[in-house]
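Inspection log for the structure reproduced underneath, given as structure tokens.
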Amino acid sequence: MPATPANRGQRRWKPLLRSFRLQSLALLAVIVGLDYWPVLLRGMVPLPMDVVFGFPLFASIAGSHPVNGHHAEMGDLVSGVYALHLQAAGAVSAGTLGLWNAHLLAGQPFFGAYASGMLYPLNWLYYALPTHLAWALLYPVRMLLAAWFMALFVRSLGASRTGSVVSGLAYGFSGFLLTWSGWPQVDAALWLPLICLAIQKVWERPTPRRAALVALALAPPLLVGHPQTEAYVLAMAALFALWRVLTPVRGDRWFSVRLLGLLLLAGVLALLVVAVQLLPAQEWIGLTTRATQNRGGNHLARVQSLGVVSRDTRGTPNSAGILIPEGATYLGMLPLLAAPFALMWARRRDVVLFVGSGLTAALVAYGAGPLFRTSTRLPVFGRLPTWRVEYLSQFCLAVLAGLGVTVLQRLARERRLRAPQRTGWWAALVVEALVGAVALRHLSDNTLKPVRWFRGPTSSVLLLLVVLVLLTPVVLSRLPRSTAAAAVLGLVAVDLLSYGYGHVPFVRPRDVYPQPRAFAELAARDHGVYRVTSVSGTYITNLELAYGLATPSGVGYQIRTVAPLLTGLGSALSGYVLDAKKIV
């Protein structure tokens, strides 16, 4: 008999419900929701408002706005990033693109200044919702997208469902994405797995339609407004694309040529899509004072590498002297221990790429060896802060973690392991245990400040022991397949949730930029003639932008030809902070 409409509907929906894309998205959404439940259930806003209340201007009202001040340095979020989104939302609501910012310094471009990210797709949420609500919702959205894109990419490489989700969790909750969340760096970094996924799909079947998807994946990070992170994202994407071009399909002599042509076409198309933002930004960057500052070679100290086992993100430096967010590199204990097993992955070329890229990024970030010295002499990259490239090592480690988990699952499913496989499995765990013990010993020796046990070295030691026991052949091989997968995912989720929860303090919406009496009176007297500024630390710089006031100083990207106007009146940062004695 012909199928009924109901049966046809069931045949259509059942494969979709069973698909990895939907299942992984649902699972990751639940875990991310647990991390940001105050936002989703109570309407709280992740914003360190205590940074504002610590200044004299707010002394009279600070007591009526309870905040949590136990966190790392996040002044830029309240003094710059949030204020830029306020301005952008105001410009769009007025029916303009906000081409000029008359409120900051001596006036400067706004749309062309790039940092505003007005065309960045996720920022469109600010134009549809109140700023505090859009700000709060984008925290879990960024984490979810980063984790999901990574899970899909690692799955496309051939990893198991469990391994792919482990990679997604490790990347979405990684030290870089967690501690820089809110800054434009994360908005650029979260798209790298999607770009690599699109390149992988073109490699599997080179068609113009799939090449167009590469262009669409490349466009968002180019609109974010953080050239440094964008440069590293594009470098890794270009390296992966070149690696795929050099991995031709057997029997097709012209495969590499077609693939290279399609990928170049995708790059050109992406540049055309974002040219309306990139062209004015390119001119503006050349006029700023930062364009003349060579910050290449600014690497992390070797001791900062202990961040890979440190779970403390409160304070900078944290309890072990690790800079936060610069040195936050934790991805979870199980992903860290599973990653070396990727060396047993069948497709060795992929492992070589990610191991080589990750090690290179780490050596450059920590200033080790000839690779670091070479990086400081490269065009463009030689002028960027070297330590930022450490982000790529976290990306590669997250990929290897998913491949390593897949290898362990396949070993556990074999009923009779060959002697070399079993010996190698145990040997790898013993080596990891010894290396982990040495790293945790150094971490414990460097921990001089008191810290809660679940953020200190004690928790790292406990997690190391639990993961080592779980990954042994005796335990992993005897657990049912579904039980082992649940144990792996549960352990990673608990580890990373306890590591990341509350990194940015949550405040009530009414505690976001409350009105001090002085600002209210100044706004009433101002008829568009005056500019207001903080002198000698009366309040945090740039705060005028959040209250609709104009300022002659502020921290922004000062243009070189305007800089002499304020030279000698204060301290030069990205802009200027005025000082009473120098003014007198």
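The rows are residues; the columns are (1) crowded, with 24+ Cβ neighbours inside 10 Å; (2) within 28 Å of PRO248 (Cα to Cα).
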| position | (1), (2) |
| --- | --- |
| PHE153 | yes, yes |
| ARG161 | no, yes |
| VAL165 | yes, no |
| CYS196 | yes, yes |
| GLN200 | no, yes |
| ARG209 | no, yes |
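Criterion first (part of a helix (DSSP H, G or I), in contact with a Phe, Trp or Tyr (Cβ under 8 Å, 6 or more places away or on another chain), of a type in the set (A, V, I, L, M, F, W, C) and within 28 Å of ARG302 (Cα to Cα)) does LEU462 satisfy it?
When the stated conditions are applied, LEU462 does not pass them.
Can you work out which of the residues in the stretch 85-102 that are in a helix (DSSP H, G or I) and polar (S, T, N, Q) is surrounded by the fewest Cβ atoms within 10 Å (Cβ to Cβ)?
For the stretch 85-102, the residue satisfying everything is SER93.
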* Since ARG258 meets every condition but one in (1) open to solvent by less than 20 Å² (accessible area, probe 1.4 Å); (2) in a helix (DSSP H, G or I), which condition does it not meet? -> (1)
* Asked: Out of (1) surrounded by fewer than 21 Cβ atoms within 10 Å (Cβ to Cβ); (2) under 30 Å from ILE31 (Cβ atoms); (3) modelled with pLDDT of 90 or more, the odd one out for LEU144 is which?
  -> (1)
* Any residue in the stretch 349-363 that is in a loop (DSSP other than H, G, I, E, B) and either surrounded by fewer than 24 Cβ atoms within 10 Å (Cβ to Cβ) or under 18 Å from the mean Cα position of the chain (by Cα) (or both)? -> no
* Could you say whether any residue in the stretch 277-293 is open to solvent by 20 Å² or more (accessible area, probe 1.4 Å), closer than 28 Å to LEU177 by Cβ and outside any helix (DSSP H, G or I)? -> yes
* Filter the stretch 301-322 down to residues that are open to solvent by less than 20 Å² (accessible area, probe 1.4 Å), under 18 Å from the mean Cα position of the chain (by Cα) and at pLDDT below 90, then give me how many there are. => 0
* **Close pairs from the stretch 200-213: first outside any helix (DSSP H, G or I), partner surrounded by 18 or more Cβ atoms within 10 Å (Cβ to Cβ) and not small (Gly, Ala, Ser), Cβ under 7 Å, at least 6 apart** => PRO206/LEU259; PRO206/LEU262
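Conditions tested, residue by residue: (1) aromatic (Phe, Trp, Tyr); (2) closer than 25 Å to LEU27 by Cα; (3) surrounded by fewer than 19 Cβ atoms within 10 Å (Cβ to Cβ).
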position: ARG415; (1), (2), (3): no, no, yes
position: ARG418; (1), (2), (3): no, no, yes
position: GLY424; (1), (2), (3): no, no, yes
position: GLU432; (1), (2), (3): no, no, no
position: ARG452; (1), (2), (3): no, no, yes
position: THR458; (1), (2), (3): no, no, yes
position: THR483; (1), (2), (3): no, yes, yes
position: ASP495; (1), (2), (3): no, yes, no
* Considering the stretch 438-450 alone, what residues qualify as being open to solvent by 30 Å² or more (accessible area, probe 1.4 Å) and in contact (Cβ under 8 Å) with a residue 12 or more places away in the chain? -> HIS442, SER444, ASN446, THR447, LEU448, LYS449, PRO450
* Report yes if some residue within the stretch 64-75 is within 20 Å of VAL577 (Cβ to Cβ), more than 18 Å from the chain's Cα centre (by Cα), at pLDDT 85 or above and crowded, with 21+ Cβ neighbours inside 10 Å; otherwise report no. => no
* Are there any pairs, at least 6 apart or on different chains, whose C-beta atoms fall under 9 Å, with the first in the stretch 557-584 and within 15 Å of THR541 (Cβ to Cβ) and among the β-branched types (Val, Ile, Thr) and the second in a loop (DSSP other than H, G, I, E, B) and at pLDDT below 75, and if so, which? -> VAL577/VAL555
* Structure fact -> Filtering the stretch 103-139 for residues that are open to solvent by 50 Å² or more (accessible area, probe 1.4 Å) and either touching a residue at least 40 places away in the same chain (Cβ under 8 Å) or part of a helix (DSSP H, G or I) (or both) leaves a count of 9
* Asked: What residue, of ALA524, ALA550, ALA518, ALA580, is farther than 30 Å from THR179 by Cα and open to solvent by less than 20 Å² (accessible area, probe 1.4 Å)?
  -> ALA550
* Structure fact -> Filter the stretch 372-428 for residues that are under 33 Å from the mean Cα position of the chain (by Cα) and basic (Lys, Arg); the one that is modelled with the highest pLDDT is ARG410
* Structure fact -> Given (1) under 29 Å from the mean Cα position of the chain (by Cα); (2) surrounded by 13 or more Cβ atoms within 10 Å (Cβ to Cβ), GLY490 misses just (2)
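Do we have ARG508 as in contact (Cβ under 8 Å) with a residue 24 or more places away in the chain and surrounded by fewer than 17 Cβ atoms within 10 Å (Cβ to Cβ) here?
yes
The values are calculated or read from the model by the stated rules, or taken from the named source; none is laboratory data. Predicted model only: the values in this text are computed from it and were never measured. Here the Cβ is made from the backbone with ideal geometry for all residues, glycine too, and neighbour counts use every protein chain on show. Please note that ligands, DNA and RNA were not included when accessible areas were found on the heavy atoms of the full protein model with its side chains. Shrake-Rupley method; radii C 1.70, N 1.55, O 1.52, S 1.80 Å.
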